[in-house]
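Worksheet: the structure to be examined is printed underneath.
The values are calculated or read from the model by the stated rules, or taken from the named source; none is laboratory data. Since we're looking at a predicted model, the values are computed, not measured. Neighbour counts run over all protein chains shown; Cβ positions are idealised from the backbone, glycine included. Protein only, heavy atoms only, side chains kept; ligands, DNA and RNA dropped before computing areas. Shrake-Rupley method; radii C 1.70, N 1.55, O 1.52, S 1.80 Å.
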Amino acid sequence: VQEGAIAHTWGSGAEIPNANRVTLGGQFYCETGFYQVIQNTLKRLDVGTKTYVTVGSASQSYNGIGYNVEDNYIYGYRKVSSSEIHLWKLGDDGVEEDLGELTDYTFSNAYKADFDTSGNLWAPVLTGGNWFLTKTDVDASPLTTTTTTLTQLNSVDNMHDIAFNPTLNVFFGLTQSGKLAKVDHVNNTIQTIADYNSFAGNGAFGAVWCN
């Protein structure tokens, strides 16, 4: 379709393998709620009243969800096997759409991720003692994931969630030992910047957000 200096082309790119198209509910919008996946169910936590509201039950388990400010939907990972990861899209009624398999995504522990402000879903992965950072543009067709190696500026143990801070343009996460880690996706570095071991105890904290 072309009109004057404006041109838009549909149909470019290959079909995404194993996609399952469905009709989603409405879009999410910024509100005083925090979304979590708890036992395969999408819930919204009201941080004021400290109560949960069930949004929808999942037909499959998924993890590493993030809110995409470009289209107001939530996305996450569906681990089919250790070598097959799918991209999941969620509407405000909790209905899920399987967008298909992510190519070039070979890591099995895809359970922590968040979006930047440009529609890219980022996920740090610790494997074999080394940190990597994956990037998926959810608007791309076909879906592909690029992976870079993160330089460890100091020792960083594993974490179970990350959150993007748009003011600082970095990601943060709390590690299993209670350290606050910073992931810089521009300079491809990861480091611990604070230690909250006395607060975190000996368990993992699997839900964080930045405001």
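Applying the selection to the range 111-126, what residues are within 21 Å of Val156 (Cα to Cα) and among the aromatic types (Phe, Trp, Tyr)? Spell out how you get there, then give the answer.
Kept after step one, since they are within 21 Å of Val156 (Cα to Cα), are these residues of the range 111-126: 111-114, 122-126.
Those that are within 21 Å of Val156 (Cα to Cα) and among the aromatic types (Phe, Trp, Tyr): Tyr111, Trp122.
Evaluate the following for Val69: is it more than 19 Å from Pro142 (Cβ to Cβ), in contact (Cβ under 8 Å) with a residue 24 or more places away in the chain and surrounded by fewer than 19 Cβ atoms within 10 Å (Cβ to Cβ)?
yes
Which ranges mark the strands (runs of 3 or more DSSP E) fully within the range 131-187 that have 1 or more residues being loosely packed, with under 14 Cβ neighbours inside 10 Å? If you could, list the steps in order and put the result at the bottom.
Numbers: elements: 145-149, 163-165, 170-174, 179-184.
Filter on the range 131-187 gives 145-149.
Tally the residues that are open to solvent by 50 Å² or more (accessible area, probe 1.4 Å) and touching a Gly at 6+ places or on another chain (Cβ under 9 Å), restricting the search to the range 47-66.
Qualifying residue count, the range 47-66: 5.
Here is a check on your reading of the model: is Thr192 open to solvent by less than 50 Å² (accessible area, probe 1.4 Å) and in contact (Cβ under 8 Å) with a residue 40 or more places away in the chain? Break it down stepwise before answering.
Details: open to solvent by less than 50 Å² (accessible area, probe 1.4 Å): yes; in contact (Cβ under 8 Å) with a residue 40 or more places away in the chain: no.
When the stated conditions are applied, Thr192 does not pass them.
Based on this model, can you work out whether Ala110 counts as hydrophobic (A, V, I, L, M, F, W, C) and within 22 Å of Ser83 (Cβ to Cβ)?
Values: hydrophobic (A, V, I, L, M, F, W, C): yes; within 22 Å of Ser83 (Cβ to Cβ): yes.
Against the criterion (hydrophobic (A, V, I, L, M, F, W, C) and within 22 Å of Ser83 (Cβ to Cβ)), Ala110 qualifies.
Among the residues of the range 43-65, is any acidic (Asp, Glu) and farther than 26 Å from Thr134 by Cα? Spell out how you get there, then give the answer.
Taking the range 43-65 first, the residues acidic (Asp, Glu) are 46.
Remaining after also requiring farther than 26 Å from Thr134 by Cα: 46.
Yes, some residue in the range 43-65 is acidic (Asp, Glu) and farther than 26 Å from Thr134 by Cα.
Among (1) touching a strand residue (DSSP E or B) at 6+ places or on another chain (Cβ under 7 Å); (2) within 22 Å of Ile190 (Cβ to Cβ); (3) not aliphatic (A, V, I, L, M), where does Asp98 come up short?
Here Asp98 meets the rest and fails (2).
Please work out which residue is nearest to the chain's Cα centre (by Cα), limiting yourself to the range 72-105 and to residues that are open to solvent by 10 Å² or more (accessible area, probe 1.4 Å) and on the phi > 0 side of the Ramachandran plot.
Ranking the candidates gives Asn72 first.
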